[in-house]
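The structure appears below as structure tokens.
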Amino acid sequence: MNYIGIDYHKQYFVATMMNEQGKVIRKDKASTDRASIKRYFADADSRGETKAVMEACYGWECFYDEVSGLVDELIMAHPLKTRLIAEARIKTDTIDSETLAHLLRADLIPQAYAPDSATRDKKNLLRYRSSLTAMKVRIKNIIHSVLTRNHIEDSGFTSLSDKFGKQGMRYLRSVKLTGDDTGILNNYLDLLEETERKINAAEKQIRSICREDKICALLSSVPGIGHILAVTIRYEIDDIGRFMSAGKLCSYAGLVPSTYSSGNRTYQGKITKQGNKWLRWAMVEAAQRAPLNDLWLRSFYQRISKNGKKIARVAVARKLLEIIYRIWKEEKPYYKKGTVALPFV
């Protein structure tokens, strides 16, 4: 068995190959174009069975997909945990790749999860929709700034709770501002409407995914979770078998309290916020609506809220994730009987 440590960069990668005794066989620097990748790993494969490792990093997907078909096994290393094991004062690409090869040979690689291309495709669609939503908010803020500098006093418009509803949009399209601001306003309104059309198209795709996916249907039975959140949670977790307990899943989402121990004293602080930020966002979003639709969760929220509403919201988010773990494992929906919701059947 030969072991290859790969230090990947956008334009090139540095690879160190060593044998089972830890002797370095070769060190190479190669381009990341597909032809160069295939050429390098075809030569590596000719030397016998090969196992490789690379760190999770920006833009890893294409390289990972190419290399995984060219070696016997490709492992994705967790970059932060790897550095804790092998911190070095001198850091170069060659040293990094050799260190990874040594850790791989010793079976000390802290692995990161590498979702398949189908799962990544769903995640990309969700992130696309999220980026459009952020863009929509930014455009609205700019429109507000255009109106502010023109000091709109029309009470029929200023009293509207939704300035971008049908009434508000009719007024904005008809209003005359000073200088070039009328044209600027209309151009931003065009951008806003086009962005909303693209958001609606993306959400239509997401709803279609939700209807066709059995796990998404189960997640949609949980209070506070609609189509968008169901698909987000389903594909951010991807494989529930990765987690040995609900606590591990909550830790992955960064919804567990940080802990500090010294001597005989242990302190618990705010949530770690480490892990999957998208899953954490989805659970906190669901936690804002779940107590409104579920008596059991409402009672839970009200009991915790004596310590603060933010604390209670995070507690509900964690409880929802524990519920999700259970219903996903058992493949049973969240059960409601009469007006009282029960967390499990």
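The values are calculated or read from the model by the stated rules, or taken from the named source; none is laboratory data. Since the model is a prediction, treat every value here as computed from it, not as a measurement. Counting neighbours? That spans all protein chains shown, and the Cβs are built from the backbone with ideal geometry, glycine included. Remember, those area values only see protein heavy atoms, side chains included, never the ligands or the DNA or RNA. Shrake-Rupley method; radii C 1.70, N 1.55, O 1.52, S 1.80 Å.
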Note on region 97-232: contact order normalised by length, alpha-carbon pairs under 8 Å, 6 or more apart, percent, works out to 25
Scanning the chain, every Cys lacking a C-beta partner under 4.7 angstrom -> Cys57, Cys62, Cys250
FRET efficiency for Glu49 and Lys23 from the Cβ-Cβ distance with R0 = 22 Å, rounded to 0.05, comes out at 0.85
Between Arg26 and residues 5 or more places away or on another chain, the pairs with built amide H atoms under 5 Å apart involve Met17
Once the in-chain neighbours fewer than 8 apart are removed, the lysines whose Cα is under 17 Å from Lys176 read Lys163
With 0.36 nm assigned to each residue of separation and the Cα-Cα distance removed, Asp239 to Lys140 gains 31.9 nm
Listed residues Leu160, Leu189, Leu177; largest mean-square fluctuation, Gaussian network over the chain with Cα springs below 10 Å, found at Leu160
Convex hull around the C-alpha positions of region 1-156: the volume in Å³ per residue is 174
Between the Cα axis of helix 34-45 and the main Cα principal axis of the chain, the angle (0 to 90°, nearest 10) is 40
Simple SL model, points at 7 angstrom along Cα→Cβ for Arg149 and Leu292; separation in nm is 3.6
Extension length gain for Arg211 and Gln302 (0.36 nm per residue less Cα distance), in nm, is 29.4 nm
The answer for the longest stretch of the chain without any exposed GluC sites (Glu not before Pro) (DSSP loop, at most 14 further Cβ atoms within 10 Å) is 154-330
With +1 at each Lys and Arg Cβ and -1 at each Asp and Glu Cβ, the charge dipole magnitude of region 26-72 around its Cα centre, to the nearest 20 debye, comes out at 280
Once amide hydrogens are built 1.01 Å from N within the peptide plane, the residues lying 5 or more places from Ile75 or on another chain with amide H under 5 Å from its amide H are Ala52, Val53, Met54
Exposed-loop cut sites defined as chymotrypsin sites (Phe, Trp or Tyr not before Pro) in DSSP loop states with at most 14 other Cβ within 10 angstrom; longest site-free run of the chain spans 114-343
Restricting to lysines and to Cα separations under 18 Å from Lys204, and discarding same-chain partners fewer than 8 apart, the set is Lys122, Lys123, Lys136, Lys214
Contact order relative to length for the chain, counting C-alpha pairs under 8 Å separated by 6 or more residues, stands in percent at 11
Straight-line reach check, Lys248, cutoff 21 Å on alpha carbons, 8 or more apart in-chain or any other chain, hits among lysines -> Lys81, Lys270, Lys273, Lys277, Lys319, Lys329, Lys332
For the chain, the percent of accessible surface on carbon and sulfur atoms (probe 1.4 angstrom, ligands and nucleic acids excluded) is 50
Helix 181-212: inclination vs the chain longest Cα principal axis, degrees, rounded to 10, gives 60
Rounded to the nearest 10 Å², the accessible area of Thr148 using a 1.4 Å probe with every protein chain kept is 100
Given unit charges at Cβ for Lys, Arg (+) and Asp, Glu (-), the dipole magnitude of the chain about its Cα centre in debye, nearest 20, is 1680
Of all C-alpha pairs within the chain, those more than 33 angstrom apart amount in percent to 50
Length gained if Val175 through Leu70 is fully extended, taking 0.36 nm per residue and subtracting the Cα-Cα distance, is 31.6 nm
Here the percent of antiparallel bridges among DSSP beta bridges lying wholly in the chain, to the nearest 5, is 70
Ranking Thr99, Met135, Val24 by how far each Cα lies towards the positive end of the charge dipole of region 1-154 (+1 on Lys and Arg Cβ, -1 on Asp and Glu Cβ), the top one is Met135
